[in-house]
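To start, the structure under review is shown below, and the notes come after it.
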Amino acid sequence: MRHDLKVRHGGRILADALVGHGVQLAFGVPGESYLPVLDGFYDVRDQLKFVICRQEGGASYMAEAYGKLTGQPGVLFVTRGPGATNGAVGVHTAFQDSTPMVVFVGQVGNEFVEREAFQEIDYRRMYGPMTKWVAQIDRVERIPEYVSHAFHTAMAGRPGPVLLALPEDALFAQAAVADVPHYQTVRAAPAPADMGKLKAMLQAAERPFVILGGGGWDRASCDALRAWLEASQLAAGTSFRCQDLLDNRSVAFAGDVGIGINPKLAQRVREADVVLVIGARLGEMTTSGYSLFEAPVPAQKLIHVHGGAEELGRVYSATLPINAGMARFVEALSQVKLDGATWAGRTRQARDEYLAWTQVQPMPGKLHYGEVVKWLDANLPEDAIIAGGAGNFSGWVHRHFRYKGFRTQLGSTNGSMGCGLPAAVAAKLAAPRRTVLAITGDGDFLMTGQELATAAQYGAPVITLVVNNGMYGTIRMHQEREYPGRISGTELQNPDFAAFARAFGGHGEVVETTDQFAPAFERARASGKPALIELRIDPDAITTATTLSAIRKQALERKR
Ligand SMILES: Cc1ncc(C[n+]2csc(CCOP(=O)(O)OP(=O)(O)O)c2C)c(N)n1
Ligand SMILES: [Mg+2]
């Protein structure tokens, strides 16, 4: 034992370790299972703020969004069994979104382990499939080592969530141990020979296309990539809910390759001869159910660049797989000079098709939600952040909003409902000067609506739009298609959302016509409080392109 070291309890060692790794905000719900950590937080309160949430689902979404926004691991603390189970949703989101996250969970003391003691769960089995690594810190002396390991793992290669269980005895115990320095981010660099092959493949292409997506990006890489795409006259799309990786105003931007894809863009991807995929996993949502690329051997020549070596060849056998971190890859790519004369015309056409596709369509009712999204597009500051959950309401934003820069979008690629408001709260706490919106559905919002309390408690004046159609519209849409007219399990009786917001000390309004929106938004913005605007839309307006009644009619005709 070194004699120059101070004796600390496990909770303080852990708090110091977090500060040492640069953690300034952590999210969670307390539990008696980790009292020494709360005590440690008391000592480091000037460096690290512990944001207390109202439900672990909200807390885990906040940690996930924080990780996504900052590129540093989002940190979550939850208590044993009940906290660990409630908190799972944000961990799954982080896993599918490749978001760095470090989760700490209380655990029974080593003396009771495997007895099914109070709230005991084997986290290795429970969390194994949705984390990069799960471990339990059994000895107080090893807390700095495990925490360092966790941060390195969350950040390396393909980023993702890791989980450390904290047996109570290891937290209460005392030790004199040294801290470990700040973690380093370990990412691979592309081999020069592979960059040579990439250049030859792209230059020989007639119908090239680029798709960006996934995690592990940073602003400088996105900006450099935009410059390269424009200089190369290439057209690019973004994978599902990664629309902010390329400024949507760039002449290179051809749209989002996700749910409800522009049919012309889908055709363009299918017909491409060489596709350069940077960072995207090519999951089910990005490939339109594995149909844009044939699995396992695509018809297109595929250059697949990914930060996780294990991702390459997982579904698709690429012509050229490249394991690289985004920054390293873009740095090398910037040296690749291409003559875009062959495909410049196609790139212009792709852009025109995007511009045409994003024009708003007519929709039933007095409140035109598409026009609302267009208004936001024209009036929000360029760096405003839009957080969203899952539901058909998000389709209008995907289609009509132009994301103008890195991390102006926070969404869940696992299509998880309820992440909009908590993600917005985390974003506002991390970037207080930016305008932050949550765009939610009536079903979506109430999954985590209680986090308005967190917004109020920590002074996070986010603006939430609740798009109210009185139902779980997405499911109703699928239901009408499969079982027309047989409404089952999809209707909602809603509260007064504006009054709900006011009950938390926030600002609340209802908007029923298109004209009412802009002044209501300005009042919400001026209120300086967490604000909520309920948008009452016509329930028939089910997507940007069609109505519920049209879907039912088509389904009935099909079944006849
Ligand atoms: C946590 C979670 N539970 C359930 C679902 C399945 N689901 C997807 S969309 C949806 C309905 C969303 O309803 P709402 O928020 O009102 O949006 P709308 O589709 O009506 O616009 C449901 C239940 C999901 N994606 N995530
Ligand atoms: Mg709804």
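The values are calculated or read from the model by the stated rules, or taken from the named source; none is laboratory data. The structure presented is a predicted model; accordingly, all values stated were derived computationally and were not measured. Reconstructed Cβ throughout: ideal geometry from the backbone, glycine too, with neighbour counts over all protein chains shown. All accessible areas refer to the heavy atoms of the entire protein, side chains included, with ligands and DNA or RNA removed. Shrake-Rupley method; radii C 1.70, N 1.55, O 1.52, S 1.80 Å.
Set side by side, the residues A520, A499, A526, A455 differ, and just one is open to solvent by less than 10 Å² (accessible area, probe 1.4 Å), more than 26 Å from G87 (Cα to Cα) and assigned to a helix (DSSP H, G or I), which is A520. The criterion of being under 23 Å from P364 (Cα atoms), touching a Phe, Trp or Tyr at 6+ places or on another chain (Cβ under 6 Å) and modelled with pLDDT of 95 or more does not hold for V510.
Per the conditions (1) outside any helix (DSSP H, G or I); (2) under 17 Å from F393 (Cα atoms); (3) touching a strand residue (DSSP E or B) at 6+ places or on another chain (Cβ under 6 Å), the sole criterion not satisfied by T546 is (3).
Being outside any loop (DSSP other than H, G, I, E, B), open to solvent by 10 Å² or more (accessible area, probe 1.4 Å), at negative phi and among the small types (G, A, S) is the requirement here; does A387 meet it? For A387, the condition - outside any loop (DSSP other than H, G, I, E, B), open to solvent by 10 Å² or more (accessible area, probe 1.4 Å), at negative phi and among the small types (G, A, S) - is not met. When the criteria are applied in full, D244 fails the requirement of being of a type in the set (D, E, K, R) and either modelled with pLDDT under 95 or open to solvent by 20 Å² or more (accessible area, probe 1.4 Å) (or both). If you filter region 466-489 down to residues that are β-branched (V, I, T) and near ligand 1 (Cβ under 8 Å from one of its atoms), you find that the one that is nearest to L535 (Cα to Cα) is V467. Scanning region 461-485 for residues being more than 24 Å from F517 (Cα to Cα) and open to solvent by less than 10 Å² (accessible area, probe 1.4 Å) gives a total of 1.
Could you look through region 333-383, keep only residues that are of a type in the set (G, A, S) and surrounded by fewer than 18 Cβ atoms within 10 Å (Cβ to Cβ), and pick out the one that is nearest to R402 (Cα to Cα)? Step by step, filter region 333-383, then rank; the result is A378. Can you confirm whether S60 is touching a helix residue (DSSP H, G or I) at 6+ places or on another chain (Cβ under 8 Å), in a helix (DSSP H, G or I) and over 17 Å from A424 (Cα atoms)? Against the criterion (touching a helix residue (DSSP H, G or I) at 6+ places or on another chain (Cβ under 8 Å), in a helix (DSSP H, G or I) and over 17 Å from A424 (Cα atoms)), S60 does not qualify. Restricting attention to region 474-496, the residues that are part of a helix (DSSP H, G or I), of a type in the set (K, R) and away from ligand 2 (no atom under 16 Å from the Cβ) total 1.
Restricting attention to region 269-306, the residues that are within 22 Å of V186 (Cα to Cα) and open to solvent by 10 Å² or more (accessible area, probe 1.4 Å) add up to 1.
Being within 16 Å of ligand 2 (Cβ to nearest atom) and either open to solvent by less than 10 Å² (accessible area, probe 1.4 Å) or at pLDDT 95 or above (or both) narrows it down to one residue among T440, T435; which is it? When all the criteria are applied, what remains is T440.
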